[in-house]
1. Would the stretch 188-204 turn up any residue that is of a type in the set (Gly, Ala, Ser), at positive phi and part of a loop (DSSP other than H, G, I, E, B)?
2. Just name the residue that is farthest from Cys129 (Cα to Cα) out of those in the stretch 206-223 that are in contact (Cβ under 8 Å) with a residue 24 or more places away in the chain and within 16 Å of the chain's Cα centre (by Cα).
3. Consider Asp135 carefully, then state whether it is in contact (Cβ under 8 Å) with a residue 60 or more places away in the chain and either out of contact with any Cys (no Cβ under 8 Å at 6 or more places or on another chain) or more than 16 Å from Val202 (Cβ to Cβ) (or both).
4. For the stretch 266-350, please list each of the strands (runs of 3 or more DSSP E) lying entirely inside it that holds at least 1 residues being of a type in the set (Lys, Arg).
5. Going residue by residue through the stretch 192-200, is there one that turns out to be out of contact with any Phe, Trp or Tyr (no Cβ under 6 Å at 6 or more places or on another chain), assigned by the TED database to the domain that holds Leu150 and open to solvent by 60 Å² or more (accessible area, probe 1.4 Å)?
6. Of everything in the stretch 331-353, what is under 14 Å from Val270 (Cα atoms) and surrounded by fewer than 21 Cβ atoms within 10 Å (Cβ to Cβ)? Give them in sequence order.
7. So how many residues does the stretch 149-163 have that are at pLDDT 90 or above and open to solvent by less than 60 Å² (accessible area, probe 1.4 Å)?
8. Tell me, yes or no, whether the stretch 176-183 has at least one residue that is within 22 Å of Ala198 (Cβ to Cβ) and open to solvent by 20 Å² or more (accessible area, probe 1.4 Å).
Amino acid sequence: MNDERELAISPIVMTSVQHNTQVVSNIRNLTASLFGVAAGTLGFESYTGFIFYLVGSFIVSALIFAFRAEGKPTEYFHRSLGDLWGGEVLGGLSSFVLTWTLFYGLARLHQAIVLKKVVDAIKDLVQDCNFDCNDSGIALQAMDNSHVALVSMLLRSEAFDPFRCDRNIALGINLGSLTKVLRAAQNDDQLTVKAEDAPDVVNLVFESPSSDRISEYDIKLMDIDQEHLGIPETDYAATIQLPATEFQRICRDLSALSESVSIECTKEGVKFSCTGDIGSGSVQLRASSTVDKPEENIDIDLTEPVALTFSLKYLVNFCKASGLSDRVKLSLSSEVPLLVEYGMQNNSYLRFYLAPKIGDEE
């Protein structure tokens, strides 16, 4: 009798209210995770992602209001505004953010030409390689088919705006395919690279800063079994820094005479020399510096004389990276591969390592 009187006064049963509130909470957590997957897959960033979540949560509340509460939330919830429309929205936010970041990785370069120049510089040496993405940036390491040269690239996270990669991802890409897609980008286009967690494709978006033109491409990824080599820190006997165009000219000119070049560094300077069937040639550079044009300086840091011979075919290939930097650094030591380094902004770099020729090896 007392129960019937209480129901007549207050028709809401607390156990039923608690059950209904728990059902809404479960729906919120489930849909929040689904919204996170969708936001990550669609590549939503920053405020756009949170607005997407709030709009989605409002739609879920509207559906519960219309189909589950039959338009009468006061009969099913103690506080219809809080329990139905606002209940567990903030609680589901953590599930949303977690799945959003798991299914989303993004890196944006303000100029697509940077990646175009990197790929153009290495595509004749390496055909397939892994772009290793982590929170510090995008790295690449690969050897040519002859195992004579090694390519090492690092685009630090500071080179991108924005950059986000919440877990390590290896993107196996055919550089020939990547080159074809990058040709569609103008030099001043902004490039956005997107990839899901455990992706099958990598998404490239080119945005023109001067128009509303947006191009979007997907490149199929490859499963490349590639061993990451540890490159030891080396104290080189000689380090030469010179204009990249000067080094390119030397390699191009001497390659017309021979297949090999001897690089000899002494206290007098650095000498590039070669001998071939039609004759011989040499270019000698001395250390020099000018205040007006520091980019033309030739800096030589020498601890002991060194002379090594290298393949000009590879050096000419390395010089394709000259567009990335005004200057190039050569580091030499006896019985150690030559290091050719092109520095980029934000301490990023493209490095080439080339094994020296031994004796009369051709």
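1. Yes: the stretch 188-204 contains one or more residues that are of a type in the set (Gly, Ala, Ser), at positive phi and part of a loop (DSSP other than H, G, I, E, B).
2. Phe206
3. no
4. Details: elements: 269-275, 280-285, 299-302, 306-311, 327-333, 336-343.
So the answer is 269-275, 327-333.
5. Taking the stretch 192-200 first, the residues out of contact with any Phe, Trp or Tyr (no Cβ under 6 Å at 6 or more places or on another chain) are 192-195, 198-200.
The next check asks that each one be assigned by the TED database to the domain that holds Leu150; those that pass are 192-195, 198-200.
Still in the list and also open to solvent by 60 Å² or more (accessible area, probe 1.4 Å): 198, 200.
Within the stretch 192-200, one or more residues are out of contact with any Phe, Trp or Tyr (no Cβ under 6 Å at 6 or more places or on another chain), assigned by the TED database to the domain that holds Leu150 and open to solvent by 60 Å² or more (accessible area, probe 1.4 Å).
6. Ser333
7. Narrowing the stretch 149-163 to residues at pLDDT 90 or above: 149-156.
Imposing the further condition that a residue be open to solvent by less than 60 Å² (accessible area, probe 1.4 Å) reduces the set to 149-155.
Within the stretch 149-163, residues that are at pLDDT 90 or above and open to solvent by less than 60 Å² (accessible area, probe 1.4 Å) number 7.
8. Of all residues in the stretch 176-183, those within 22 Å of Ala198 (Cβ to Cβ) come to 177-178, 181.
Now narrow it down to the ones that are open to solvent by 20 Å² or more (accessible area, probe 1.4 Å): 177, 181.
Yes, the stretch 176-183 contains at least one residue that is within 22 Å of Ala198 (Cβ to Cβ) and open to solvent by 20 Å² or more (accessible area, probe 1.4 Å).
The values are calculated or read from the model by the stated rules, or taken from the named source; none is laboratory data. What you see is a predicted model, and the numbers here were worked out from it, not measured in a lab. Neighbour counts are summed over all protein chains in view; Cβ atoms, including those assigned to glycine, are modelled from backbone coordinates with ideal geometry. Keep in mind that these areas ignore ligands, DNA and RNA; they rest on the heavy atoms of the full protein, side chains included. Shrake-Rupley method; radii C 1.70, N 1.55, O 1.52, S 1.80 Å.
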